[in-house]
Amino acid sequence: MIDREHQLPLTRQSEILELSRSSLYYKSVPVNPRDLKIMKIIDELHLKYPFYGSRSIRDELQDQGYKIGRKHVSTLMKRMGIEAIYRKPRLSKPHPGHKIYPYLLRGMEITRANQVWAADITYLPMAKGFCYLVAIMDWASRRVLAWRLSNTLDVSFCTEALEEAMLKYGIPEIFNSDQGSQFTSEAFTDILNANGTKISMDGRGRWMDNIMIERLWKSVKYEDVYLKAYDSIPAAREGLTTYFEFYNGRRRHRSLDRKTPDNVYWSTLPQRQAAI
């Protein structure tokens, strides 16, 4: 994150973090309460109908009694990072100068912990605003290894989550993500390359390539975020800490033969890594 007290100039800090220099002087304008309420509904509609564009979402909103035009809906969707066709919000947009890695998981049998990790970012509505959540997940067990909240989409909260996951759970053989600028940035990929992890990236628009973490977002929102309506990032952080403990340790998955992510992760972790 930018540190205005640091000896490095702000311009150099922005270069290292791959941030626009103009963003250093930008002061955010609060979103009005009506738009926040509409954005929450848009988020819910997008989870149910990922193929809906701005026209269809406008129609749904009008059916619910909101007087709103397609252009306004489109503006809010862009602010949220949501597009039709993609199942997930496209919060992490490609950077033209970053290297794109091939998708490595096609046809692969993923059966053990730390064989493949995945990451993604999602939009989280709150009672008085919104924030973004990044999660690092073990593919075979569905276990959430690390996560972070942020009110911006800079790369630092993603690298912090990755470094925490590696520190606690070791090094994955393959790391899969979308082609968003946070995950293609040198700050992120250098960590993976330095540890010998192979990098895999979804094809453009192929939400199925990262389906495991896509399903996580639906669980997080319907089972916690929408029910709690957190009023601040600290409250969301506290609530999600409790939820992810439940998700990993108590929530059974049909796809895991009614086992929990913790059960599967620790039982399939290679003994060499489990002893670390």
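None of the figures in this text is laboratory data; all of them are computed from the coordinates on show. As the structure is a computational prediction, the values presented were derived from the model and not from experiment. Cβ placement follows ideal geometry from the backbone for every residue including glycine, while neighbour counts extend to all protein chains displayed.
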(message) Could you compute Rg(Cα) / (2.2 N^0.38 Å) for the stretch 31-85, with N its residue count?
(response) 0.97
(request) Diagonalise the Cα gyration tensor of the stretch 180-266 and give the resulting equivalent ellipsoid semi-axes, square root of 5 times each eigenvalue, largest first, whole Å. (result) 26, 19, 15
(request) Place the peptides 187-198, 129-140 in order of packing, highest mean first, counting for every residue the other Cβ atoms within 10 Å and averaging per peptide. (result) 129-140, 187-198
(request) For every other residue with a beta carbon closer than 9 angstrom to the beta carbon of residue 262, add +1 if it is Lys or Arg and -1 if Asp or Glu, then tell me the sum. (result) +3
(request) Quick one: which residues, 5 or more positions from residue 145 or on another chain, have an amide H under 5 Å from its amide H? H modelled 1.01 Å from N in the peptide plane, none for Pro or chain starts. (result) 136, 137, 138
(request) Select from 158, 247, 170 the residue farthest towards the positive end of the dipole of the stretch 145-247; place +1 on Cβ of Lys and Arg, -1 on Cβ of Asp and Glu, and compute about the Cα centre. (result) 247
(message) Below 10 angstrom from the Cβ of residue 70, what's the summed charge of the other residues (Lys, Arg +1; Asp, Glu -1)?
(response) +2
(request) Take the cross-link list 40/168; 198/221; 78/128; 99/218 and give me the ones stretching past 28 Å between alpha-carbons. (result) 40/168; 198/221; 99/218
(message) Using the Cα centre of the stretch 31-85 as the reference point, and only Cβ charges (+1 on K/R, -1 on D/E), how large is the resulting charge dipole? Debye, rounded to the nearest 20.
(response) 240 debye
